[in-house]
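For reference, the structure is listed below as structure tokens.
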């Protein structure tokens, strides 16, 4: 069991480019959560998805950010037209029954 | 102030000493979890305590929960240099639909 796999581990984008972050949940897990961590801060909830459904996106910025968890394949967090303030660590977690999270190692996005 | 606030923000102790970190929260919860994060790394789940539990142990870790005061503490006994990390509490609120709300963390440094 490989755990929650996130890639890439590090991503550098220029301002205005798109960033695509991938998360493969643990085998059998159908609940995926995305969190963002700014430097020296705790994690902030962004979005909660189940297969093909967004359950709670109350933590997502209104513009430029979107997330999906298709029937097949990993969950994707997409950030369009990135700005310097998007630089952060983005963590994905998965669970089987909406409890008992397992976190991935995160993707560290740097916008230059 | 936010749900899930830890104190102190930073703690520096000598190897062999005990380390106590506190967490306060505001709303009713299903459970409270403690996580550890080494610098630049992902989160490692340490322990979960449910709202109907008062104390839980796991190895050198002891967690208490006081729902009347909406607070929790994490005690690490006989600390080691390898315990140096940031420690976060996270609450699973009753009305949150299973997303976690993290505090800002306590940075623990254990000096050899």
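Quick rundown of the values:
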item	result
Members of the stretch B:90-112 that are within 20 Å of residue A:32 (Cα to Cα) and part of a strand (DSSP E or B)	B:90, B:91, B:92, B:93, B:100, B:101, B:102
Only listed residue being outside any strand (DSSP E or B) and either within 14 Å of residue B:88 (Cα to Cα) or at pLDDT 95 or above (or both), chosen from B:36, B:41, B:62	B:41
Subset of the stretch A:35-56 (residues that are under 14 Å from residue A:92 (Cα atoms) and either in contact with a helix residue (DSSP H, G or I) (Cβ under 7 Å, 6 or more places away or on another chain) or more than 10 Å from every other protein chain (Cβ to nearest Cβ) (or both))	A:36, A:49, A:50
Some residue of the stretch B:18-28 being under 10 Å from the mean Cα position of the chain (by Cα), outside any loop (DSSP other than H, G, I, E, B) and more than 14 Å from chain A (Cβ to nearest Cβ)	yes
Among (1) within 19 Å of residue B:11 (Cβ to Cβ); (2) within 12 Å of another protein chain (Cβ to nearest Cβ); (3) touching a strand residue (DSSP E or B) at 6+ places or on another chain (Cβ under 7 Å) - the single one residue B:60 does not satisfy	(2)
Test result for residue A:65, free of Cβ contacts under 8 Å to residues at least 40 places away in the same chain and buried (at least 19 other Cβ atoms within 10 Å of the Cβ)	yes
Yes/no for residue B:52 being outside any loop (DSSP other than H, G, I, E, B) and either within 12 Å of chain A (Cβ to nearest Cβ) or out of contact with any strand residue (DSSP E or B) (no Cβ under 6 Å at 6 or more places or on another chain) (or both)	no
Condition met for residue A:18 (modelled with pLDDT under 90 and on the phi < 0 side of the Ramachandran plot)	no
Members of the stretch A:60-74 found to be closer than 25 Å to residue A:28 by Cβ and within 14 Å of chain B (Cβ to nearest Cβ), listed by number	A:67
2 or more residues over 17 Å from residue B:35 (Cβ atoms): qualifying strands (runs of 3 or more DSSP E) within the stretch A:21-98	A:31-37, A:43-50, A:53-56, A:65-68, A:75-79
Matching residues in the stretch A:75-112 - criterion: being farther than 18 Å from residue A:59 by Cβ and either without any contact (Cβ under 8 Å) to a residue 60 or more places away in the chain or within 14 Å of another protein chain (Cβ to nearest Cβ) (or both)	A:96, A:97, A:99, A:100, A:102, A:105, A:108, A:110
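Matching residues to (1) within 14 Å of chain A (Cβ to nearest Cβ); (2) surrounded by fewer than 18 Cβ atoms within 10 Å (Cβ to Cβ); (3) modelled with pLDDT of 90 or more:
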site	(1), (2), (3)
B:56	no, yes, yes
B:81	no, yes, yes
B:95	yes, yes, no
B:106	yes, no, yes
B:110	no, no, yes
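The values are calculated or read from the model by the stated rules, or taken from the named source; none is laboratory data. Everything numeric here is computed off the predicted structure, so don't read it as measured data. Because the Cβ atoms are built from the backbone with ideal geometry, glycine has one as well, and the counts that use them run over all protein chains shown.
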